Amino acid sequence: MENLKEKTTKGLFWSMMNSGTIQLLNVVIGILLGRLLSPADFGIVGVLTIFTVIAGNLQSSGFSQGLINMKAPTHRDYNSVFWFNILASFAIYIVLFAAAPLIAWFFKEPRLVGLSRFIFLGFVISSFGIAQGAYMTKNLMIRELTVSTIAALLISGTVGVVLAYKGFTYWSLAWQQILFISVLNIGRYYYTGWWPTWKIDFGPIKGMFSFSVKILFTNIINTVSNHILTVVFGRLFPLKDVGNYTQANNWNTKANSFISGTMSQVAQPVLVAVADEREREKRIMRKMMRFTAFISFPCMFGLALVSREFIVLALTERWLESALLLKILCISGAFMPFYTMYQNLVISSGRSDWYLYCNIAQIVLQLTIILLFHRLGMVPMIIAYSAFLIVWLLAWQHIANRLLSITLMETLRDICPFMLAAALVMVVTHFCTTGISNLWLLLAARFVMAAMLYFIVMKICRAKILDECLQFLLGKLKK
C-alpha cells in the first residue's frame, strides 16, 4: 500500500511538473505566435484539427489504452499494437490524402488541399511512438515523459516562431506540429529502450478488441464533441471569426489541460492497480476528485477573471474579440478535468461499453444544442454549449455511483467547497480591482490578490489537500 501511495504521489508530482512546464512553454510559444500571425492563420489550421485527432484515434484504435489497462502487458502485446498502428496510419493517410479536395470544398478554402496533406503526415509519424508512449504511461515514467515533451515543445516552438517571423504565415503552425511529434517520438525511444521486432503477431490485438473498439468509438465521439464548434464555425463564419474562437479555445484548453494532464497520466494506472479493492479504490477516487477541484476551480475561474487583460497584453488588441469567448469557455473549462477523472474510472473498471454509451448520448445532445442555437450567433451558442458540459457531469456521476457507490452528495461535499471558495475569491478580487486602469497593473493585482485570498481561505477552512501539498513540497525542498 505504501509503495503504491509513494508511487502515486511521485507520479502526481512529476505529472504536475510535466503539465505545468508544458503549459508554461505553450503560453510563451502561443503568445509569440499570436503576435506574429493573424486570426485567419489560426483559423485555417484550426479547422483541420478534428481530422487529425480523429485520424489519431483510428490509428491507435483504443489499443494503447488497452495496454495501460492490462495488469502486466508483455513485449508481444506492445509489438502487436506497434505494427497495427503503423499499418492503420498509412491506410488512413491514403484516404485523407484523397479527401483533401473535399475538405477544401467544405470549408470553401482551396489552400486547405496542400496544407491538409502536409499536416496529416503528423499522425503517420506519431504511429511509430504510440506503443512506447503507452509503455511510459503504464510504468508511470512521468519524469521521462516530461523531459521528452519539453524538448519537443522547445524545438518545434522555436522553429514555428522563426518561420512565422520570416513570413511563412499558417505554414509555421503546420511545421510546428510535425516537428513536435517527431522530437517526442525520439524521446520515447530513448527513454523506454523498447524496440519492435519483425515477428508480427496480431493475436493480442484480437484479445483486446472487445475492450478497445469501444474506446475507439468513444474517442472519436469525444473528438467530435470537443471540436464540433470549430467545424460549425468554419462552415458558417469567416476564417477570422474561426481564428478568434480557436485562439480562445486554445487558451482554455491549455489551462484545463494542466489539470487534466496531471491527473490522466496517473489516474488510470493507479485505479487499475487497486481495481480489486473496492473501498480503497473509492477512497483514492474521491481524494483525486478533491485534488482536482482544489486546482481546477481557482486556475480556470482566475483565467476567466483576467481574460480581457491577458488577451490584450499578450496578443494585442486585434485579438480582443476572443476575450469574451475565453471568459465563457473558462467557466465550463473548470469542470473538464472531472470528465477525465470519471472516464479514467470507467476505463480502469473495464466498462468501455458504459464509456461508449455515455459519450454517444453526449454528442447527440450537443448536436441538438448546436442546431437550436447556431442561428443566434457564436456567443449564445458557446454559452449554451458550455452550460450543457457542466450539467452532463451528472451522467458521469451516476456511472461512478454504479461502479463505486460514490453518491452525488459525497461528490458535492468533495468539490463544492473549492468551487464556492474560488468563485467568492474571484468576485471579491474583481470588485476590489475595478478602479485600476493600467492593464499591466490590473493583471498583476488580480493575479496576486486572487492567489493570496484563495490560500488564506484554504488555510482558514483547514483544507487537508493544501496541507498535504505543502508537506510534500517541503519534503522535496529538504532533499
Query - Filter result for E321 (modelled with pLDDT under 90, in contact with a helix residue (DSSP H, G or I) (Cβ under 6 Å, 6 or more places away or on another chain) and open to solvent by 20 Å² or more (accessible area, probe 1.4 Å)) - result: yes
**Report entry** the range 349-368 - residue that is in contact (Cβ under 8 Å) with a residue 12 or more places away in the chain and β-branched (V, I, T) and, of those, farthest from I399 (Cα to Cα)
**Finding:** I363
Query raised in the report: Would you pick out the residues in the range 312-347 that are over 19 Å from the mean Cα position of the chain (by Cα) and small (G, A, S)?
Result: A314, S322, A323
Report task. Output the residues belonging to the range 398-429 that are open to solvent by less than 30 Å² (accessible area, probe 1.4 Å) and under 22 Å from C330 (Cβ atoms). Result -> T411, D414, I415, F418, A421, A422, V425, M426, T429
Report task. Name the helices (runs of 4 or more DSSP H) wholly inside the range 76-172 in which the number of residues that are surrounded by 18 or more Cβ atoms within 10 Å (Cβ to Cβ), in contact (Cβ under 8 Å) with a residue 40 or more places away in the chain and in contact with a Leu (Cβ under 6 Å, 6 or more places away or on another chain) is 1 or more. Result -> 112-119, 130-138, 142-165
Query raised in the report: In the list I284, I259, which residue meets the criterion of being surrounded by 23 or more Cβ atoms within 10 Å (Cβ to Cβ) and either modelled with pLDDT under 75 or not hydroxyl-bearing (S, T, Y) (or both)?
Result: I259
Report task. Name every residue in the range 398-415 that is assigned to a helix (DSSP H, G or I) and either basic (K, R) or in contact (Cβ under 8 Å) with a residue 12 or more places away in the chain (or both), in order of residue number. Result -> I399, A400, R402, L403, L404, L408, E410, T411, R413, D414, I415
Query raised in the report: If you check M300 against the conditions, is it farther than 19 Å from T407 by Cα, open to solvent by less than 10 Å² (accessible area, probe 1.4 Å) and either in a helix (DSSP H, G or I) or out of contact with any Ser or Thr (no Cβ under 7 Å at 6 or more places or on another chain) (or both)?
Result: yes
**Report entry** Per-region count, the range 434-471, residues farther than 16 Å from P298 by Cβ, open to solvent by 60 Å² or more (accessible area, probe 1.4 Å), modelled with pLDDT under 90 and in a helix (DSSP H, G or I)
**Finding:** 3
Query raised in the report: What are the residues in the range 371-390 that are farther than 18 Å from N244 by Cβ and either in contact (Cβ under 8 Å) with a residue 24 or more places away in the chain or under 22 Å from the mean Cα position of the chain (by Cα) (or both), if any?
Result: A384, A387, F388, L389, I390
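The values are calculated or read from the model by the stated rules, or taken from the named source; none is laboratory data. Being a predicted model, the structure only gives us computed values, none of them experimental. We place every Cβ from the backbone using ideal geometry, glycine too, and count neighbours over all the protein chains shown. For accessibility, only protein heavy atoms count, side chains too; no ligands or nucleic acids. Shrake-Rupley method; radii C 1.70, N 1.55, O 1.52, S 1.80 Å.
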